[in-house]
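Heads up: the structure comes next, in structure tokens.
What follows draws every value from the coordinates through simple rules; no lab data is involved. Predicted, not measured: the structure shown is a model, and the values here were computed from it. Neighbour counts run over all protein chains shown; Cβ positions are idealised from the backbone, glycine included.
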């Protein structure tokens, strides 16, 4: 592939990662037309059918009966259980639509960069020698939601899994290998009020770029083998809701939108959401340390 082709491909990939993605896909929707069930009115009438629509402005519920007849019921004339079911059905339906519960994701973006060097310090007055240069880049996505469903949404979870590649040296094989790292995260909301919107940064991951200064024991690190890098792959995002009446749905967004199906969803658990990189010391540390002689308080005019 020519150099110009590589440049164009790199620019295109960068553009993909910076676009805001608003595509959502229903996964396990339970709200298409509702289930066949009975609706009871306050005066004792019973209608069996599938809910087709609920209009909260005029408080009308549309159902299709066993005989495929379309009828409308007055919401405040239903018993509480059936009225709650109809409202939950409509809330879940609207949650599943990006026009009513809008989710946008942008990034990834760098939040902080810092470097640290590792040094070999021989005894005496010999100068320290760097063995590793470690460059860190903390990355995250920007997530926004906007609840315009007309409902206070309960039991909502916003979950995502961040994927990135990190190179390392396999000293057993004496070669460079690439690990796919996955970070699952979940944000739980007891309630998201109608009209509420929020923008927040996702949990982050730290990409590492490391240069190893070779020695006789690392002679197999030839060419750029001693340079290890990390790179972002993408994110899978899921928004789920489960109502008190047992109705649920889930939406999935993949960033970039054409993220390969080879990257599979990893459900967040108490075990896999603990992330040690969250506690990293992010202070720059590239200064050459003192010699062992200086560390012991020695001075150049001291007798050897």
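Annotations for the structure displayed:
- For the pair the stretch 51-91 / the stretch 111-184, the C-alpha centres are spaced 50 Å from each other.
- For peptides 44-51, 99-106, 67-74, sequence by mean Cβ density within 10 Å, most packed first: 99-106, 44-51, 67-74
- Cβ-to-Cβ counts within 10 Å put 249, 131 in ascending order as 131, 249, the fewest first.
- For residue 120 and residue 285, the difference between the fully extended length at 0.36 nm per residue and the C-alpha to C-alpha distance is 57.9 nm.
- In this calculation the C-beta distance from residue 43 to residue 148 is compared with R0 = 35 Å, giving a FRET efficiency of 0.50.
- Net length gained if the chain between residue 262 and residue 296 were fully extended (0.36 nm per residue, minus Cα distance): 6.7 nm
- At full extension, residue 81 and residue 176 could sit 28.1 nm farther apart than now, given 0.36 nm per residue minus the alpha carbon distance.
- Global geometry of the stretch 33-95, whether rounded, prolate or oblate, following the gyration tensor of its Cα atoms and the 1.5 cut on a/c: oblate
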